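Note sheet for the following structure.
The values are calculated or read from the model by the stated rules, or taken from the named source; none is laboratory data. Since the model is a prediction, treat every value here as computed from it, not as a measurement. Cβ atoms come from the backbone with ideal geometry, glycine included; neighbour counts cover every protein chain shown. These accessible areas exclude ligands, DNA and RNA; they are computed on the full protein's heavy atoms, side chains included. Shrake-Rupley method; radii C 1.70, N 1.55, O 1.52, S 1.80 Å.
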Amino acid sequence: MKKAAFFDTRPYDREWFSKLDKSFEIKFFEEKLNPENADLAKGFDAAIAFVNDTINRSTIEALAAGGVKVLAMRCAGYNNIDFKAAYDNNLKVLRVPVYSPYAVAEHAMALLLTLNRKIHRAYNRTRDFNFSLNGLTGFDLHGRTMGVIGTGKIGQIFIKICQGFGMRVIAYDPYPIENAGFEYVDLDTLYRESDAVSLHCPLTDSTHHILNADAFSKMRTGVYIINTSRGGLIDSEALLEAIKSRKIAGAGLDVYEEEASFFFEDRSDTIINDDTLARIITLPNVILTSHQAFLTNEALKNIAEVTISNLEDFFAGKELKNEVCYCCSTDSPTTKCN
């Protein structure tokens, strides 16, 4: 039986992988995968990693030197991987492209609804027997304009949810879909006309800080920002300044660009040394969840099933339909092989 080293383990990971795995001997490590602990995978055939693991050249070389032949990401994103190093070390990289787009899209709408109707503030008040409604006024979503950046599977489902609320939807994507059922616009138009902007695109060189000071300056005063994709899509310092200046009415964030040191961990007894994060959390019109959007039973089951299936296909010599290929012309971080 092939052996797999499982990094960044949480109780819900162990539950679902232990329940569904019949093909591999999996050893669970709580540590995030990084260059300092990659040698834990020595003698294993595969490594299973997650979104905030540090998978740079040093990590990959250590994995390959220890006998690891394949890296199975139990997530859709792969911006934390050095693919040139993986190619150089003949290490295949697999992922879970879709686990539950409904989970993420629904969480994005939950963030918007909570922000707009001040549910988080009302909850805290009533627990102190404060039943005042002062300062809790929101607005009807019906008839408002939602700007969606990225119209992949998650973006499309989020758009349908918005349309169910009676919202007008405008969207931007460099690769628009045909017969979309919503209007595509350029980014400047989206910034100018949206009452809320929600991000549903991958983090790439072209989308890094797609929401920055310049983008915020083009938006309507009082716009809401929602991000359930990747933290690096937003310039956090610029967002903080835009909120402080009242340009942005609030933000619902499930990701943060420097989240790797904090998210998925209990830091309640430590002093946070990230001043931007510390300031953002204190704002009453910001809701921050710790990369929680994917966390449904349906998603966890799908992640485990697809990850195991990916590994089974690799060791059986089958076609790797979920490979992220360094040299392929599609679904690739690059098309260069040198």
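How about the range 153-174: which of its residues are modelled with pLDDT of 95 or more and not hydrophobic (A, V, I, L, M, F, W, C)?
Matches in the range 153-174: G155, Q156, K160, Q163, G164, G166, R168, Y172, D173, P174.
Take the residues in the range 82-96 that are of a type in the set (A, V, I, L, M, F, W, C) and without any contact (Cβ under 8 Å) to a residue 60 or more places away in the chain, then tell me which one is nearest to K318 (Cα to Cα).
Selected residue: L91.
Here are A249, A242, A180: which of them is of a type outside the set (S, T, N, Q), over 16 Å from A108 (Cβ atoms), touching a Ser or Thr at 6+ places or on another chain (Cβ under 9 Å) and in a loop (DSSP other than H, G, I, E, B)?
A180
For the range 65-80, which positions are modelled with pLDDT of 95 or more and closer than 25 Å to A304 by Cβ?
Once the filter is applied, which keeps residues that are modelled with pLDDT of 95 or more and closer than 25 Å to A304 by Cβ, the range 65-80 yields G66, G67, V68, K69, V70, L71, A72, M73, R74.
With the condition kept exactly as written, say whether any residue in the range 117-124 is out of contact with any Ser or Thr (no Cβ under 8 Å at 6 or more places or on another chain), aliphatic (A, V, I, L, M) and not in a strand (DSSP E or B).
Yes, some residue in the range 117-124 is out of contact with any Ser or Thr (no Cβ under 8 Å at 6 or more places or on another chain), aliphatic (A, V, I, L, M) and not in a strand (DSSP E or B).
Do the conditions hold for I287, that is, is it open to solvent by less than 10 Å² (accessible area, probe 1.4 Å), closer than 24 Å to R121 by Cβ and in contact (Cβ under 8 Å) with a residue 12 or more places away in the chain?
For I287, the condition - open to solvent by less than 10 Å² (accessible area, probe 1.4 Å), closer than 24 Å to R121 by Cβ and in contact (Cβ under 8 Å) with a residue 12 or more places away in the chain - is not met.
Say we look at the range 189-229 and pick out the residues that are within 24 Å of the chain's Cα centre (by Cα) and charged (D, E, K, R); which of these is surrounded by the fewest Cβ atoms within 10 Å (Cβ to Cβ)?
By that ranking, first place goes to D205.
Please enumerate the residues belonging to the range 290-314 that are in a helix (DSSP H, G or I), open to solvent by 10 Å² or more (accessible area, probe 1.4 Å) and out of contact with any Asp or Glu (no Cβ under 9 Å at 6 or more places or on another chain).
Residues satisfying the conditions are N297, E298, K301, N302, E305, V306, S309, E312.
State all residues of the range 7-28 that are in contact (Cβ under 8 Å) with a residue 40 or more places away in the chain and in contact with a Phe, Trp or Tyr (Cβ under 6 Å, 6 or more places away or on another chain); if no residue qualifies, say none.
F7, D8, listed by residue number.
Pick from the range 112-145 the residues that are among the polar types (S, T, N, Q), without any contact (Cβ under 8 Å) to a residue 60 or more places away in the chain and closer than 22 Å to S194 by Cα: which of them is surrounded by the fewest Cβ atoms within 10 Å (Cβ to Cβ)?
Looking at residues that are among the polar types (S, T, N, Q), without any contact (Cβ under 8 Å) to a residue 60 or more places away in the chain and closer than 22 Å to S194 by Cα, I get T137.
A quick yes/no check of all residues on (1) open to solvent by less than 30 Å² (accessible area, probe 1.4 Å); (2) β-branched (V, I, T); (3) touching a residue at least 60 places away in the same chain (Cβ under 8 Å):
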residue: E30; (1), (2), (3): no, no, no
residue: P35; (1), (2), (3): no, no, no
residue: A49; (1), (2), (3): yes, no, no
residue: I55; (1), (2), (3): yes, yes, no
residue: E61; (1), (2), (3): no, no, no
residue: V68; (1), (2), (3): yes, yes, yes
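What number of residues within the range 1-40 are in a helix (DSSP H, G or I) and over 26 Å from the mean Cα position of the chain (by Cα)?
Total meeting the criteria: 2.
Mind checking which residues of the range 125-162 are among the hydroxyl-bearing types (S, T, Y), more than 30 Å from H208 (Cα to Cα) and part of a loop (DSSP other than H, G, I, E, B)?
S132, T137
Residues being under 21 Å from L295 (Cβ atoms) and either exposed (fewer than 11 other Cβ atoms within 10 Å of the Cβ) or modelled with pLDDT under 85 (or both): count how many of those fall in the range 251-277.
6
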